[in-house]
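Here's the structure, in structure tokens; my notes come after.
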């Protein structure tokens with residue numbers, strides 16, 4: 001799997017005349033090498049990769065990466081990035097970087113033989129399109145999140161403390177096999193106690209082997225329905241349904257935003273958040289970003305989360321959010337839980 005990813009990156013490097021790519025972002029290093037700890041990686045245009053780690057992480061790194069990737073312990077200076085920069089000094093190469101501290105960039109730039117180019121765009125051309133293994137992990141994380149949301153919904157039959165809701169959610173995520181919780185469960189509006197009739201929005205995240213899922217639901221304590229909140233939530237559900245049918249791979253992300261505004265305009269009184277969605281995977285927030293100014297397209301194979309937030313006249317924030325796979329013929333909802341509980 002990682003060898004295939006390195007091969008794909010090498011092809012893009014040759015197309016863009018890059019001799020090397022320096023990976024300093026931990027998610028990027030993990031994606032291309034399999035190692036999720038502290039360290040950096042140098043990828044060459046023939047697909048070879050060298051991982052630089054501190055000696056304390058050497059055993060973990062060697063255990064994590066395929067044989068094709070060499071692991072170099074940094075013995076004298078416990079700074080993998082400094083070691084890699086030193087090796088590159090004075091070489092006549094064109095190197096791409098995903099991200100780099102200013103002082104390290106200056107060190108590389110000081111070599112008159114080296115041309116430095118941003119490589120984030122190339123990396124996301126590969127990372128944004130999830131394979132079947134990645135999608136399955138996101139599905140498993142999504143299943144844990146939806147179970148936690150259902151537990152919270154059952155708890156909110158009557159008056160409930162925010163701390164109790166968060167505890168129940170966290171325990172259910174762990175019970176369902178989540179290996180991490182990227183963000184603490186978020187309840188809005190922020191209160192210590194929620195009373196019967198209160199409307200609240202709960203956002204829950206979880207990850208499985210590093211791959212994240214995120215779901216949001218609006219609930220009313222006591223499960224009472226009706227009023228402006230219910231009307232707007234119904235409108236959001238209609239929008240989700242239309243997105244699944246009409247938005248396909250390689251559609252402009254702006255199309256999602258325009259469809260939402262079209263649904264909300266006849267209602268009046270509700271303001272929508274600037275960001276209504278983004279990619280998701282090894283990182284909770286990945287490209288593309290779905291905003292009114294976005295010029296990006298939805299790549300086939302991407303996984304996105306859609307979560308518009310609505311501010312209504314009563315100063316209440318309502319939101320429904322779910323995770324979708326971007327397929328050739330439309331968006332496929334990865335959760336089984338209803339939009340409205």
Hits in the range 20-34 (condition: touching a residue at least 60 places away in the same chain (Cβ under 8 Å) and buried (at least 19 other Cβ atoms within 10 Å of the Cβ)): 20, 21, 22, 23, 28, 30, 31
Residue satisfying condition, being in a loop (DSSP other than H, G, I, E, B), within 14 Å of the chain's Cα centre (by Cα) and either assigned by TED's automatic domain parsing to the domain that holds residue 186 or buried (at least 19 other Cβ atoms within 10 Å of the Cβ) (or both), within set 284, 215: 284
Residues that are outside any strand (DSSP E or B), under 24 Å from the mean Cα position of the chain (by Cα) and surrounded by 18 or more Cβ atoms within 10 Å (Cβ to Cβ), drawn from the range 35-60: 35, 39
Condition check for residue 267: farther than 30 Å from residue 177 by Cα, free of Cβ contacts under 8 Å to residues at least 40 places away in the same chain and either part of a loop (DSSP other than H, G, I, E, B) or touching a helix residue (DSSP H, G or I) at 6+ places or on another chain (Cβ under 9 Å) (or both): yes
Residue list for the range 157-169, restricted to those being buried (at least 16 other Cβ atoms within 10 Å of the Cβ) and either farther than 18 Å from residue 218 by Cα or touching a helix residue (DSSP H, G or I) at 6+ places or on another chain (Cβ under 7 Å) (or both): 165, 168, 169
Set 137, 173, 122, 108: member being touching a helix residue (DSSP H, G or I) at 6+ places or on another chain (Cβ under 7 Å), outside any loop (DSSP other than H, G, I, E, B) and closer than 19 Å to residue 278 by Cα: 122
Considering residues of the range 305-330 that are under 17 Å from residue 132 (Cβ atoms) and within 18 Å of the chain's Cα centre (by Cα) only, the residue surrounded by the fewest Cβ atoms within 10 Å (Cβ to Cβ): 327
Residues being closer than 19 Å to residue 201 by Cβ and outside any strand (DSSP E or B) - total across the range 305-341: 14
Selected residue [in a loop (DSSP other than H, G, I, E, B), modelled with pLDDT of 95 or more and assigned by TED's automatic domain parsing to the domain that holds residue 146] from 249, 206: 249
One residue from 146, 183 being out of contact with any helix residue (DSSP H, G or I) (no Cβ under 7 Å at 6 or more places or on another chain), under 13 Å from residue 213 (Cα atoms) and outside any helix (DSSP H, G or I): 183
Residue tally, condition under 27 Å from the mean Cα position of the chain (by Cα) and part of a loop (DSSP other than H, G, I, E, B), over the range 61-73: 2
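The values are calculated or read from the model by the stated rules, or taken from the named source; none is laboratory data. Bear in mind the structure is a predicted one, so any value in this text is a computation, not a measurement. Backbone-built Cβ (ideal geometry, glycine too); neighbour counts: all protein chains shown.
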